[in-house]
Structures are given as C-alpha cells and as structure tokens.
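To start, the structure itself, in structure tokens.
The values are calculated or read from the model by the stated rules, or taken from the named source; none is laboratory data. These numbers were taken from a predicted model, which means no experiment stands behind them. For neighbour counting, all protein chains shown are included, and Cβ atoms are generated from backbone atoms with ideal geometry for every residue, glycine included.
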Amino acid sequence: MKIKNIVFFTALAISTLFAQTGEELFNKNCSACHANVLGVVNDGGYENSYLTLAPYVADLVSKLKEKTGSKEKFAVFIKEYIQNPDKRKTLYGKKAIKKFGLMPLLKGTMSDEEMAELTSYLYGYSENKMIKKEEYKKVPKKISHEEELFNKYCSKCHATVLGVTNDGGYENSYLTPAPYVADLVSKLKEKTGSKEKFEEFIKEYIQDPDKRKTLYGKKAIKKFGLMPSLKGTMSDEEISGLANFLYEKYTNK
C-alpha cells in the first residue's frame with residue numbers, strides 16, 4: 001500500500017513539475033499567428049498598422065469578452081473553437097477569413113486542464129501582459145528624419161504588405177509592390193560587402209535605376225517593374241542618411 005502511494009505521489013509531482021503555464025501554452029500554440037508582428041505599414045505619418053498572421057490577441061480577447069459576457073462562456077468558446085474552427089463562428093466575418101484564412105485545428109494538442117490554463121491566462125492577464133490596441137497603433141516618439149525619408153519615398157513599395165498567399169501549409173508568402181526591405185537590404189549587403197559600397201550602390205541606383213544592376217534578375221523586373229527614379233527628391237546628405245538608416249536598422253534582419 002505504501003509503495004502504491006509513493007508511486008502515485010511521485011507521478012503527481014512529476015506531472016505538476018512539467019505542467020505548462022497558460023503563458024507557455026499561448027507562446028507554444030498561439031503566439032506565432034496572434035502575437036508576432038511581421039511588419040509595419042506606414043503612409044508617411046505617425047500612425048502605424050502592425051501586420052500579424054491572424055487577428056492580434058489583445059483585440060481578439062477584447063472582442064470575445066464583449067461577445068460572451070462571462071468568463072465561463074469565454075472559456076467554452078475558446079475550447080470549442082480551437083478544437084473545431086468554424087467560419088460561421090468567427091468574430092471577424094468573411095473579410096477576415098479571406099485575409100487570414102481559417103485557423104488550423106488544435107484538437108489533441110492540449111488536455112482539458114491545459115485549455116483551462118490557456119483560457120484563464122487570456123481572460124485574466126490580457127490587459128496587463130499584452131499590448132493594448134491603442135498602444136500598438138501609435139508611435140510613442142518622433143521618428144528620425146532618415147526614417148521619415150524612408151516612409152515618404154520607399155515604404156509604400158518596399159514595406160507595405162498587400163496580402164498573404166498560402167499553398168495550404170504553414171509557410172506564407174507576403175505580397176509587396178516591390179522586394180521587401182529586409183530581404184533587399186540583406187541581399188545588397190551580401191553583394192556589396194561593405195557599408196561604403198552599400199551606400200554607394202543605394203545612391204547611384206535610386207537616382208538612376210538600371211535593370212542591368214537589379215539584385216533580383218529579369219523575373220523581378222517583369223513582376224514589379226523598374227523602380228521610378230528618385231533623382232532630385234533628396235540631397236546627397238539625405239541619401240547618405242537614408243542608406244545608413246537602412247544599413248543599421250536591418251543589421252540583424
């Protein structure tokens with residue numbers, strides 16, 4: 001009898017030790033789509049729109065609380081929806097389904113106890129631990145002149161994500177009017193090999209775009225077209241500042 005008790009309490013202790021918190025479960029199963037910011041769309045002002053693979057968690061939780069009206073109904077909705085996603089139950093309508101797609105089925109990924117932990121985390125800590133909607137839609141401080149130049153002359157084509165394509169797997173392709181800025185900078189750094197040559201290329205190319213100098217080949221020219229000349233829009237100092245901004249901002253991207 002004593003041996004059975006020892007085995008029972010040992011198993012209980014082990015399960016407790018390795019039990020995941022609501023936050024850990026969220027990070028493992030939800031954050032990749034609902035909390036990871038992929039990019040920023042900016043029309044040149046101080047208002048940003050942040051891009052995620054699915055509705056941002058703070059907004060989603062707020063909307064669901066309003067819809068369900070109680071913690072119990074909130075938990076029931078979460079449990080049912082993540083095990084059986086249904087476009088008829090979505091909180092955001094047909095436009096969201098078209099934009100994001102229907103969320104993947106999470107049935108079998110968590111026990112009932114873990115789902116209870118997850119819903120409790122979402123319901124009880126969303127306002128304290130997650131960015132509030134009004135906070136993540138505003139830039140808290142004035143941006144640099146170089147970033148203003150980027151927003152004015154470059155972001156519309158190189159940083160604005162128009163949509164997402166998916167072949168049914170977990171890899172997404174993001175649609176932009178021109179090669180995405182982080183990829184472009186990475187490719188140009190590899191090609192030029194130094195900050196000085198990087199800046200020199202930027203300065204020459206934006207003033208005199210040439211399909212023979214493109215980093216992406218003929219297919220990119222056919223897909224995106226040749227970029228418009230920016231000659232006369234900025235001084236030499238401003239172009240140097242812009243190039244330096246790009247080089248430093250996307251160092252680790």
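Within segment 155-192, if we keep just the residues that are outside any helix (DSSP H, G or I) and touching a helix residue (DSSP H, G or I) at 6+ places or on another chain (Cβ under 8 Å), the residue that is modelled with the lowest pLDDT turns out to be V164. The set of residues in segment 209-231 that are more than 15 Å from C154 (Cα to Cα), in a loop (DSSP other than H, G, I, E, B) and either of a type in the set (S, T, Y) or in contact with a Ser or Thr (Cβ under 9 Å, 6 or more places away or on another chain) (or both) comprises T214, Y216. Comparison of K195, K218 shows that the only residue that is farther than 23 Å from A32 by Cα, modelled with pLDDT under 85 and not polar (S, T, N, Q) is K218. Within the option set A19, A96, A11, being modelled with pLDDT under 80 and assigned to a loop (DSSP other than H, G, I, E, B) holds for one residue only, A19.
Here is the figure for segment 232-253: residues that are surrounded by 11 or more Cβ atoms within 10 Å (Cβ to Cβ) and either hydrophobic (A, V, I, L, M, F, W, C) or assigned to a loop (DSSP other than H, G, I, E, B) (or both) total 8.
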